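Chemist: My structure is below; once you've seen it, I'll send some questions.
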Amino acid sequence: MVMEPILEVRDLHTSFLTSNGEVQAVRGVSFDVEKGKTLGIVGESGSGKSVTSLSILQLLGVTGKVTAGSIRLGGEELTTKSRKEMRAIRGERIAMIFQDPMTSLNPLIPLGDQVGEMLWEHHRKMSKEERREKVLELFRMVRIPEPEKRMKSYPHEFSGGMRQRVMIAMALACRPDLLIADEPTTALDVSIQDQILKLMRSLQKEMGMSIMFITHDLGVVAELCDRVAVMYGGLIMEEADIIDIFQRPMHPYTLGLMASIPDMNQDKGKLLQPIPGSPPDMIHPPKGCPFAPRCPYAMRICTEEMPPCVATGETRRSMCWLLDPEAPAEGNPLKQRKEGIA
Ligand code: SF4
């Protein structure tokens, strides 16, 4: 069943001007986030995943710019909005949570007041008492124990996991259409990470919200997301439903990422296989496939021409020369996978 998208990104290009030249961080990215669903955007540092989310929010600082493409929220174009219009959209229609809540929280203001400020920013007519009640409701919603008492606490009195709960409360204050979460669990230990993911999943169900979840961790994607876009070198290398991508990855970079995550069922003592090499220089991005220097299947054409984006199923696509209709099937691991041979 085709769901209606809340967010439609088309051919997005974003660059940063630096003293060394133009960093082409995002180079033509297209995807949808469907209503009430979670899209995971996964990739290594420098793949362009965080810049994609900052482009949506127009939080690129003075050196960054969306140079081409379209971003539509509920059918409304965002790239042409003024700063003032975007300020109203941020928080109210799109909210964001980051990896380190301490960088977003003021250490000198009680946490309840900080959540209240968010409400005041977007609902000036709300009385002080209504605001207090709403903050209490939000603290309860994100399962903060003894909310009346904990509203008066300062950030340093909360653990990392509890601070992230406050950030989620703040993000949900205005019931946004879309929540963008950028590595929100990376700084947390595994058991707290699991609690936060469960919380996000249950809140999403309760509120019917859409989530765009940015992470380098495919394991986290498996727990939370309905769909996943794998980014590398400022491009989407593969996009598919979560089950499809885990059952049959169709891109050499995705295969590399899979091999580098721990598997509890694998032989004890078996070493994980990191992807050798490092990400491309985005000031001088390669004209062909950005993954070519690290790809075990690279061919001459890979370094010379950008690979085609090929449909590998009804709702999935991959960007790889091995999937080109003209590519030979013999000795071609991806074509064999596509045809269900491997
Ligand atoms: Fe590897 Fe070539 Fe496919 Fe890029 S296009 S992933 S280099 S086989």
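The values are calculated or read from the model by the stated rules, or taken from the named source; none is laboratory data. Just so we're clear, the structure is a prediction, and the values are computed from it rather than from any experiment. All Cβ positions, glycine included, derive from the backbone under ideal geometry; neighbour counts span all protein chains shown. Ligands, DNA and RNA are stripped out before the accessible areas are found, and what is left, the full protein with its side chains, is counted by its heavy atoms. Shrake-Rupley method; radii C 1.70, N 1.55, O 1.52, S 1.80 Å.
Chemist: Would you confirm, using the coordinates I've provided, whether Met212 is buried (at least 18 other Cβ atoms within 10 Å of the Cβ) and within 16 Å of the ligand (Cβ to nearest atom)?
Modeler: Taking the combined requirement at face value, the residue does not satisfy it.
Chemist: Taking Gly46 as meeting all but one of (1) within 15 Å of the chain's Cα centre (by Cα); (2) closer than 17 Å to Met212 by Cα, write down the number of the exception.
Modeler: Here Gly46 meets the rest and fails (2).
Chemist: Related question: How about region 215-234: which of its residues are of a type in the set (A, V, I, L, M) and either in a helix (DSSP H, G or I) or open to solvent by 10 Å² or more (accessible area, probe 1.4 Å) (or both)?
Modeler: Leu218, Val220, Val221, Ala222, Leu224
Chemist: Okay, moving on. Given the conditions (1) open to solvent by 60 Å² or more (accessible area, probe 1.4 Å); (2) assigned to a strand (DSSP E or B); (3) β-branched (Val, Ile, Thr), report the number of the one that Ile243 does not fulfil.
Modeler: Going through the list (1) open to solvent by 60 Å² or more (accessible area, probe 1.4 Å); (2) assigned to a strand (DSSP E or B); (3) β-branched (Val, Ile, Thr), Ile243 breaks only (2).
Chemist: Further question on the same structure: For region 103-113, does any single residue satisfy the condition of being more than 26 Å from Gln193 (Cα to Cα), small (Gly, Ala, Ser) and over 20 Å from the mean Cα position of the chain (by Cα)?
Modeler: Among the residues of region 103-113, not one is more than 26 Å from Gln193 (Cα to Cα), small (Gly, Ala, Ser) and over 20 Å from the mean Cα position of the chain (by Cα), which makes the answer no.
Chemist: In addition: Would you say Met118 is over 26 Å from Lys198 (Cα atoms), assigned to a helix (DSSP H, G or I) and open to solvent by less than 50 Å² (accessible area, probe 1.4 Å)?
Modeler: No.
Chemist: Among the residues that make up region 224-241, is at least one of them without any contact (Cβ under 8 Å) to a residue 40 or more places away in the chain and more than 10 Å from the ligand (Cβ to nearest atom)?
Modeler: Within region 224-241, not a single residue is without any contact (Cβ under 8 Å) to a residue 40 or more places away in the chain and more than 10 Å from the ligand (Cβ to nearest atom).
Chemist: With respect to Glu137, determine if the residue is of a type outside the set (A, V, I, L, M, F, W, C), free of Cβ contacts under 8 Å to residues at least 24 places away in the same chain, outside any strand (DSSP E or B) and open to solvent by 30 Å² or more (accessible area, probe 1.4 Å). Before the answer, list the steps.
Modeler: Values: of a type outside the set (A, V, I, L, M, F, W, C): yes; free of Cβ contacts under 8 Å to residues at least 24 places away in the same chain: yes; outside any strand (DSSP E or B): yes; open to solvent by 30 Å² or more (accessible area, probe 1.4 Å): yes.
So Glu137 fits the description; yes.
Chemist: Which of (1) open to solvent by less than 20 Å² (accessible area, probe 1.4 Å); (2) free of Cβ contacts under 8 Å to residues at least 24 places away in the same chain is the odd one out, the single condition Pro145 does not satisfy?
Modeler: With (1) open to solvent by less than 20 Å² (accessible area, probe 1.4 Å); (2) free of Cβ contacts under 8 Å to residues at least 24 places away in the same chain applied to Pro145, the lone miss is (1).
Chemist: Please enumerate the residues belonging to region 298-329 that are surrounded by 15 or more Cβ atoms within 10 Å (Cβ to Cβ) and either among the basic types (Lys, Arg) or more than 13 Å from the ligand (Cβ to nearest atom) (or both).
Modeler: Residues satisfying the conditions are Arg316, Arg317.
Chemist: Taking region 189-219 only, how many residues are among the β-branched types (Val, Ile, Thr) and within 11 Å of the chain's Cα centre (by Cα)? Steps first, please.
Modeler: Narrowing region 189-219 to residues among the β-branched types (Val, Ile, Thr): 190, 192, 196, 211, 214-215.
Pick out the ones that are also within 11 Å of the chain's Cα centre (by Cα) and you get 211, 214-215.
Here the count works out to 3.
Chemist: List every residue pair whose Cβ atoms lie under 8 Å apart, where the two residues are 6 or more positions apart in sequence or sit on different chains, the first residue falls within region 287-302 and is free of Cβ contacts under 8 Å to residues at least 12 places away in the same chain, and the second residue, located anywhere, is surrounded by fewer than 21 Cβ atoms within 10 Å (Cβ to Cβ).
Modeler: Ala292/Pro286; Ala292/Ala298; Ala292/Thr303
Chemist: Examine region 249-256 for a residue that is at pLDDT below 85 and within 15 Å of the ligand (Cβ to nearest atom), and state whether such a residue exists. Lay out the reasoning, then the answer.
Modeler: Residues of region 249-256 at pLDDT below 85: none.
No, there is no match, as no residue in region 249-256 is at pLDDT below 85 and within 15 Å of the ligand (Cβ to nearest atom).
Chemist: Val66 versus (1) over 30 Å from Met3 (Cα atoms); (2) surrounded by 19 or more Cβ atoms within 10 Å (Cβ to Cβ): which is the lone unmet condition?
Modeler: (1)
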